[in-house]
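A.B. asks: Below you'll find the structure I mean.
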Amino acid sequence: MALFALKLLLVLALLLGLTLIWLELRHRLRPASPLRLQAGPFEVEAGGAGLEVSGTITLSNPHQRMEVMVPEIELRPTLLGRGDLGGITVSSRIEALHPDEDSRPDGYWAAYIVKGNKSTQARIRISLGGTGGQALDPALLDTLWLEILWINYGPFGRLQRRDAILIPLQQPVPLTAEAARWRQGDRCLVLPVGTHLLGVLDDPEAVLRRYAGGLIQPGDVLTIGETPLAVMQGRYQHPANLAPSMLARLLCRVFHPTSSLATACGLQSLIDVVGPAQVLGAWIVGLGLKLVGSKGWFYRLAGDQARLIDDITGTTPPYDQTIVLGPQQPAAFCAAMARCLGVAVAVVDVNDLGRVKVLASSPNCDEALLERALRPNPAGNANERTPLVLVRPS
């Protein structure tokens with residue numbers, strides 16, 4: 001009987017192993033386009049009747065041999081502001097800047113082939129103006145959310161891609177030391193630091209220097225939220241870019257409804273990062289340990305991203321329409337920023353329930369101090385736009 005049970009376990013283990021290998025191979029060999037869209041710098045200039053926003057995007061193909069066509073590309077600009085924007089007109093234009101073809105004067109995007117190890121560019125212009133001859137009130141405007149809908153066509157089939165760039169239309173004046181209103185914490189002082197709405201066009205070091213550089217003193221600890229850092233690193237995507245697998249559609253149902261992994265696209269974003277074998281294996285082992293009273297093993301085994309992914313509605317607009325991953329290499333970021341600024345730096349995840357998680361910190365950072373200082377969540381989880389928090393021991 002014991003021998004039979006052992007043989008049965010071996011057979012089950014073999015079947016599980018083959019299943020995990022099959023899932024991983026199927027995932028890695030699924031149809032995918034190698035093309036990548038990267039936004040260049042954008043400029044905002046005041047015109048005669050409004051604002052002119054202009055910049056470039058680059059479509060690159062890192063594949064050695066595959067050629068991919070881009071037959072269609074469409075701009076979908078959305079304004080975010082501080083009031084009713086119904087009286088503002090928005091017009092957009094995209095101009096091809098191909099290295100081997102002349103641009104069309106009529107603005108038509110002709111289907112273009114991006115060859116292996118090559119790239120092409122396009123210039124984007126967005127014009128904002130008033131209606132009925134009225135002048136545009138710039139004070140109403142805050143941010144331009146520019147969605148780019150484009151088609152990738154090649155050996156993988158026809159894939160629809162939806163990328164987005166956040167372009168600040170105005171930025172707040174950095175807080176001065178004289179105007180700073182510090183809050184009294186547990187044996188420390190705490191200062192939430194406001195910024196503009198951050199995005200992929202922002203350089204994290206420049207943001208920290210601009211808004212906190214004039215406030216920091218030796219001994220301070222500067223923290224940044226994990227989601228603002230992630231969006232500056234471009235670690236967000238629209239669910240339309242995802243193709244949920246059967247595993248994602250089935251397994252997402254076992255998570256709590258409030259979890260970011262409880263939707264097929266949310267779980268698929270984790271599968272795309274770590275692979276289906278690790279996700280399924282983590283769930284099987286986690287379920288087995290949960291039955292004997294040990295909880296939380298899925299998140300330990302599935303990797304850090306399992307806890308850090310924010311599904312749609314989980315972040316500040318307009319990122320509430322996207323899935324945001326956790327930041328990339330937060331420890332290296334903290335170490336680099338600490339060297340640049342001369343104070344300790346930490347990446348944190350804090351909520352209104354008093355949960356404080358320090359994802360990473362620079363060497364010799366006092367994480368116990370951060371636990372005390374951030375427990376009341378001074379940065380908030382709504383639209384405060386204070387992704388930076390300065391902590392000063394007292």
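Coordinate-derived values only; no laboratory data. All of these numbers come straight from a predicted model, not from anything done at the bench. Neighbour counts are summed over all protein chains in view; Cβ atoms, including those assigned to glycine, are modelled from backbone coordinates with ideal geometry.
A.B. asks: Provide, as a two-decimal number, the C-alpha radius of gyration of region 36-168 over 2.2 N^0.38 Å, N being how many residues it has.
C.D. replies: 1.18
A.B. asks: For region 14-42 and region 263-314, what is the centre-to-centre distance using only Cα atoms, to the nearest Å?
C.D. replies: Comparing the Cα centres of region 14-42 and region 263-314, I get a distance of 17 Å.
A.B. asks: Among DSSP beta bridges lying fully in the chain, give the percent that are antiparallel, nearest 5. The partial results should precede the final answer.
C.D. replies: Working: 77 of 82 bridges.
Among the beta bridges of the chain, antiparallel pairing accounts for roughly 95 percent.
A.B. asks: I need the Kirkwood Rh of the chain: take the reciprocal of the average 1/r across all distinct C-alpha pairs and report it in angstrom. Walk me through the intermediate numbers first.
C.D. replies: On the way: mean 1/r = 0.0421 Å⁻¹.
23.8 Å is the Kirkwood radius here.
A.B. asks: Take Val173 and His256, extend 7 Å from each Cα along the Cα→Cβ direction, and tell me the distance between the two endpoints in nm.
C.D. replies: Inter-label distance under the simple model: 4.5 nm.
A.B. asks: About the Cα centre of region 267-347, how large is the charge dipole given +1 on each Lys and Arg Cβ and -1 on each Asp and Glu Cβ? Please answer in debye to the nearest 20.
C.D. replies: With only Lys, Arg, Asp and Glu charged at Cβ, the dipole is about 360 debye.
A.B. asks: Let me ask something else about it. Give the Kirkwood hydrodynamic radius (Å, one decimal) of region 343-394, defined as one over the mean of 1/r across all pairs of different Cα atoms.
C.D. replies: The Cα-based Kirkwood calculation yields 11.4 Å.
A.B. asks: Using +1 on the beta carbon of Lys and Arg, -1 on that of Asp and Glu, and nothing else charged, what's the dipole of region 234-306 about the Cα centre, debye to 20?
C.D. replies: That gives a dipole near 180 debye.
A.B. asks: Here is a further query. Going by how many other beta carbons lie within 10 Å of each one, how would you line up Trp109, Trp22, fewest first?
C.D. replies: The fewest-first ordering by Cβ neighbours comes to Trp22, Trp109.
A.B. asks: So for the chain, taking the charge dipole from beta-carbon charges (+1 Lys/Arg, -1 Asp/Glu), which of Leu175, Ala164, Pro276 sits furthest toward the positive end?
C.D. replies: So the residue furthest toward the plus end is Pro276.
A.B. asks: Tell me which residues come under 5 Å, amide H to amide H, from Leu388 once H is placed; ignore anything under 5 positions away on its chain.
C.D. replies: The list, which skips near neighbours in sequence, is Val193.
A.B. asks: Peptides 46-57, 194-205: what's the order by average Cβ count within 10 Å, highest mean first?
C.D. replies: 194-205, 46-57
A.B. asks: Would you mind getting me the FRET efficiency between Met69 and Gln38? Use the beta-carbon distance for r and R0 = 22 Å, nearest 0.05.
C.D. replies: On the way: r = 19 Å, r/R0 = 0.85.
So the FRET efficiency works out to roughly 0.70.
A.B. asks: For the charge dipole of region 36-168, defined by +1 on Lys and Arg C-beta atoms and -1 on Asp and Glu C-beta atoms about the Cα centroid, which residue among Ser91, Gly47, Ile57 has the Cα displaced farthest towards the positive pole?
C.D. replies: Ile57
A.B. asks: Read phi for every residue in region 37-52 and hand back ³J(HN,Hα) as whole Hz from Karplus 6.51 cos²θ - 1.76 cosθ + 1.60, θ = phi - 60°, with x for Gly and Pro.
C.D. replies: 9, 10, 8, x, x, 10, 10, 10, 10, 7, x, x, 10, x, 10, 10
A.B. asks: Give me Ile323, Ile21 sorted ascending by neighbouring Cβ count inside 10 Å, so fewest comes first.
C.D. replies: Working: Ile323 25, Ile21 11.
So the residues, fewest neighbours to most, are Ile21, Ile323.
A.B. asks: I would also like to ask the following. What ranking do Val356, Val391 get, fewest neighbouring Cβ atoms within 10 angstrom at the top?
C.D. replies: Going from sparsest to densest Cβ surroundings: Val356, Val391.
A.B. asks: Whole Å is fine, so just give me how far the alpha carbon centre of region 106-174 lies from that of region 178-237.
C.D. replies: 28 Å
A.B. asks: Might you report the magnitude of the Cβ-based charge dipole of the chain about its Cα centre, with Lys and Arg at +1 and Asp and Glu at -1, to the nearest 20 debye?
C.D. replies: Value, rounded to 20: 1480 debye.
A.B. asks: Then there's this: Filter the chain for me: DSSP H helices, axial length by Cα at least 24 angstrom, mean Kyte-Doolittle hydropathy not below 0.0. List them by residue number.
C.D. replies: Length and hydropathy pass: 2-28.
A.B. asks: Let me ask something else. Among Ala206, Leu15, Leu191, whose Cα projects farthest towards the positive end of the dipole of the chain, with charges put on the beta-carbon of Lys, Arg (+1) and Asp, Glu (-1)?
C.D. replies: Leu15
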